[in-house]
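**Q** Can you keep this structure in mind? I'll have questions shortly.
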Amino acid sequence: MIICNNDSFVINTKSTTYMMYVDKYKHLRHLYYGSPIPHDAVGLEWIEGPDDIFIGDGTYYREDAESCFLANQLLEYSSPGKGDTRESAIIAEYDDGQITFDFVYIDHELLRDGQGRDCLTIRLKDTIKPVFLSLTYKVCEEYDVITRSAKIENQMDEELTVRTFSSLMFDLPDADWQLVTLDGAWARECTTHRRKLEPGIITIDSKLGSSSCEHNPAMALVRVETDAFHGDAIGFNLIWSGNHQDRIEVSPFSKLRFLSSVNSFGFAWKLAKGEGFQSPEAVMTYSDRGLNKLSENMQRFVRNCVAYAPFAKEDRPILINSWEAVYFDISHEKIMSLAKTAAALGFELFVLDDGWFGRRTDDTRGLGDWDENFDRLPKGLKGLADEIHALGLKFGIWLEPEMVNEDSALFEQHPGWRMSIPGRTPSVGRHEYFLDLTRKEVSDYVYQSICKVLGNGVDYVKWDMNRNMSDYYCAGCDTSQLFVKYIQSLYSIIDRVREAFPGVLFEFCSSGGNRFDLGMVGRMDQGWASDNTDALSRVGIQQSLYQFYPTSVISCHVSDSPNHQTLRRSWLEDRFAVACFGVLGYELDLEALSEEERAVIARQVAFYKEHRRTFQHGLFRLLPSRSDNIRFWSIEGDDEIIVLETQVLNEVNTGTHDRLIIPFADEAATYSLKRRVPMLPADGIRPIAKDYSVLAKEEEEEIIVSGKILKTCGIALPAKFMGRGVRPGIRVMGDFGTDMYVVRKID
Ligand code: DGJ
């Protein structure tokens, strides 16, 4: 709920309050964000205190405003030139190069948006020029989320060039915070980093043309003492798939400023009279119960308010993907034989990955030509789709529609459609080039080619994008708008395709997780988080993502051992256990496996189906763990909690049990914990387990325990193998091992 009272604005969600007010100079100032405070609490003015601090060498606002130091105030949106020398939310130039603005409050409007959410727009205007700034705040009360966006409008006769424009600016009164970010590179996306903030500016951004695997736009501010369960945490994300820029500044007066924007790198948006620029929406949430509550807010919000609505709450099919099974070695026979095996094991969707079209026999050629290769698929796509459908499987296809190879019919016909600078040899990534989507004829071609492919009975698309932008140039607009216009054009193609094919599911992918962001989540149903499918690596990547994204949008595959990226060997059941925490798929040659391994997979697929709603639509939370070597994950569905223990290395002779604590257990209830007893294929990975029958227990093991115990001290899990004492029922986890429990209330 939003309360507008004279000069103050109070945004209440279920467990948070956000306050701002207009001061006597009509500046919009930030007052408070945190646990709920009533809008009429006595002494609100003492939250901030009077403007009575005099900064010796400071610039004060004007002669009659001696203690108005904008550089030391908490503002809602800052601009340069009137004393605030911190990072600005907006930098825009008049014709003559001036950049000074002084935005003051003029009015506000409180509305309900299409989703029934309160929506406040506060309008500001420069004191002397007809340049208007609108700040919009939308409330998602039940998820404790506020979204923010901004719009600038030029009503001057002269042109205005916007160079920096933030969606969100957020000032905090102290800087005793740490910054949590998700950083990485190809195949090692999303490592969580946590750093102390010191005076100065940190920029976390992407200049790759996409939101990037280098720095995800999701991040958080946390107190030093904050952990998964306790402490303050403020989370942010940007609903944008292009270059982003997050700036975090600690001022000389130990105030903290956070700014989330479309990147100002290569950005200059010229506004003629009557024109405006609308920022993408940014998201913020506050938790007073650590990172789990922050993650809970983000998961619920994304699922309910951002995720592509038609399928957001639908169950996703279990897929088999051809990439790591056959790579480019595609033939109708091979695909059909893989599909038959998959169907027999209970799979629901076959995804034909790269290599099915044009000249595409390797990654140097073919992109841009979206016609099936009849040498490889003599019955065409339609013939293949029909046969796959006849097996009871849905049929999915890989596309990389934004790119072109030089060795392609498309490039031969339209060399000018490639993004490159006239007269300059273009740089290249994976032998491919961007198509200039800012040109209408190019985006129309892309749209039509996708429609042509989908007309062949396709139920699912994996939409890939495998390089970063270089040679910034476009013919469809001013190149200083390229990074934004490219994404706007991409969004419009996706929207048109989805409208034309409403029944088709979409997965976004960009060399793995190079474009894993809320812009994509809002347009496609699930996303490929990383090309790294190694279970141990995935534990880190997925756990980072769960802080900001729900499992329903994270695709996770079981792949081969040794893993194709890390060369690490791991057990099939462990690979499955980690991949369960998301939308499950497999990406390996099922036919190269032993009968026994295929039987394990059939049992895994059946288990996932039984618990699919929990895995895909449940609420992820971290559980306490005694060491960094061991993690406990949980996912809570309607009627069950699934717990996963993972460990990096097997420790010998620790003399302790691993302890399972579920802090959110219902203390009035009694729970049954059933261990998912893994099937142990004789693959020779575990030396002690030469005779697996010694260890295996056929029946599920059950522990009955009160919620009070689970919630407080927790339970000691049965012993793990720690060097001695092989006996039936011992938990054999080994290096990179896992162990799973299904927890249900029994009364
Ligand atoms: C990169 C993707 O991330 C992979 O999963 C696969 O689809 C390849 N591209 C195919 O070229």
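The values are calculated or read from the model by the stated rules, or taken from the named source; none is laboratory data. Note that the structure is predicted; figures quoted are calculated from it, not measured. Cβ: placed from backbone, ideal geometry, glycine included. Neighbour counts: every protein chain shown. Only protein heavy atoms, including side chains, enter the accessible area calculation; ligands, DNA and RNA are left aside. Shrake-Rupley method; radii C 1.70, N 1.55, O 1.52, S 1.80 Å.
**Q** Could you compute the net charge surrounding residue 81? Neighbours are other residues with a C-beta less than 13 Å from the C-beta of residue 81; K and R count +1, D and E count -1.
**A** Around residue 81, the surrounding residues sum to 0.
**Q** Run the numbers on the stretch 2-306 and let me know its relative contact order in percent, using alpha-carbon pairs under 8 Å that are six or more apart.
**A** 16 percent
**Q** Ranked from highest to lowest mean number of other Cβ atoms within 10 Å per residue, what is the order of the peptides 323-334, 346-357?
**A** On the way: 323-334: 16.4, 346-357: 22.8.
So the order, starting with the most tightly packed, is 346-357, 323-334.
**Q** Could you tell me which trypsin sites (Lys or Arg not before Pro) in the stretch 1-105 are loop residues by DSSP with no more than 14 other beta carbons within 10 angstrom of their beta carbon?
**A** Details: sites: 14, 24, 26, 29, 62, 82, 86; in loops: 14, 24, 26, 62, 82, 86.
Counting only loop positions with at most 14 other Cβ atoms within 10 Å, the trypsin sites (Lys or Arg not before Pro) in the stretch 1-105 are 14, 24, 62.
**Q** Residue by residue, what Karplus-based ³J(HN,Hα) values in Hz, rounded to whole numbers, does the stretch 11-25 have, using 6.51, -1.76 and 1.60 with θ = phi - 60° and x for Gly and Pro?
**A** Result, rounded to whole Hz: 10, 10, 10, 3, 10, 9, 10, 10, 10, 8, 8, 9, 8, 5, 9.
**Q** So for the stretch 2-306, taking the charge dipole from beta-carbon charges (+1 Lys/Arg, -1 Asp/Glu), which of 184, 25, 124 sits furthest toward the positive end?
**A** 184
**Q** Where nothing but the Cβ of Lys and Arg (+1) and of Asp and Glu (-1) is charged, how large is the charge dipole of the chain around its Cα centre, in debye to the nearest 20?
**A** Here the size comes out at about 1300 debye.
**Q** How far is helix 380-390 tilted, in degrees, relative to the longest principal axis of the Cα atoms in the chain, given as a value from 0 to 90 rounded to the nearest 10?
**A** 60 degrees
**Q** Just how far, in whole angstrom, is the stretch 344-423 from the stretch 532-568 if you go by their alpha carbon centroids?
**A** Distance between centres, Cα-based: 26 Å.
**Q** For the chain, what's the radius of gyration and Dmax over Cα atoms, in angstrom?
**A** Just the Cα atoms of the chain yield Rg and Dmax of 27.5, 87 Å.
**Q** Could you report the chain's accessible area per residue, 1.4 Å probe, as an integer in Å²? Before the final figure, lay out the partial values.
**A** On the way: 27400 Å² over 747 residues.
Value for the chain: 37 Å² per residue.
**Q** In the neighborhood of residue 52, defined by Cβ-to-Cβ distances under 13 Å, what is the net charge if each Lys or Arg adds +1 and each Asp or Glu adds -1?
**A** Taking every other residue near residue 52 into account, the sum is -4.
**Q** To continue, here is another question. Just want to confirm a number: the relative contact order over the chain, from Cα pairs under 8 angstrom separated by 6+ residues, in percent.
**A** 9 percent
**Q** Using +1 at the Cβ of each Lys and Arg and -1 at the Cβ of each Asp and Glu in the stretch 2-306, identify which of 46, 100, 114 lies farthest towards the dipole's positive end.
**A** Projecting each Cα onto the dipole axis, the largest value belongs to 114.
**Q** List, in the order given, every pair from 82/129; 382/452; 24/151; 151/485; 674/720; 440/485 whose Cα-Cα distance in the structure shown is over 22 Å.
**A** 24/151
**Q** Mind jotting down the distance between the C-alpha centroids of the stretch 585-609 and the stretch 441-498, whole Å?
**A** Cα centres, the stretch 441-498 to the stretch 585-609: 36 Å.
**Q** Once every DSSP H run of n ≥ 4 in the chain is given -39500 (n - 2.57) and the sum is divided by its residues, what mean residue ellipticity at 222 nm do you get, rounded to the nearest 500 deg cm²/dmol? Before the final figure, lay out each step's value.
**A** On the way: 15 runs with 139 residues, N = 747.
So the calculated ellipticity at 222 nm is -5500 deg cm²/dmol.
**Q** Right, here's the next one. Distance between the C-alpha centers of the stretch 54-106 and the stretch 637-651? Whole Å please.
**A** After rounding, the separation between the Cα centres reads 52 Å.
**Q** Lys/Arg Cβ at +1, Asp/Glu Cβ at -1, dipole of the chain taken about the Cα centre: which of 16, 602, 307 is farthest positive-ward?
**A** Farthest towards the positive pole: 602.
**Q** On the accessible surface of the chain, probed at 1.4 Å, how many percent belong to carbon and sulfur atoms?
**A** Whole-percent figure for carbon plus sulfur exposure: 50.
**Q** Show which aspartates and glutamates lie in cross-link reach of residue 334 when reach means a straight Cα distance below 12 angstrom and same-chain residues fewer than eight apart are skipped.
**A** Output for residue 334: 589, 591.
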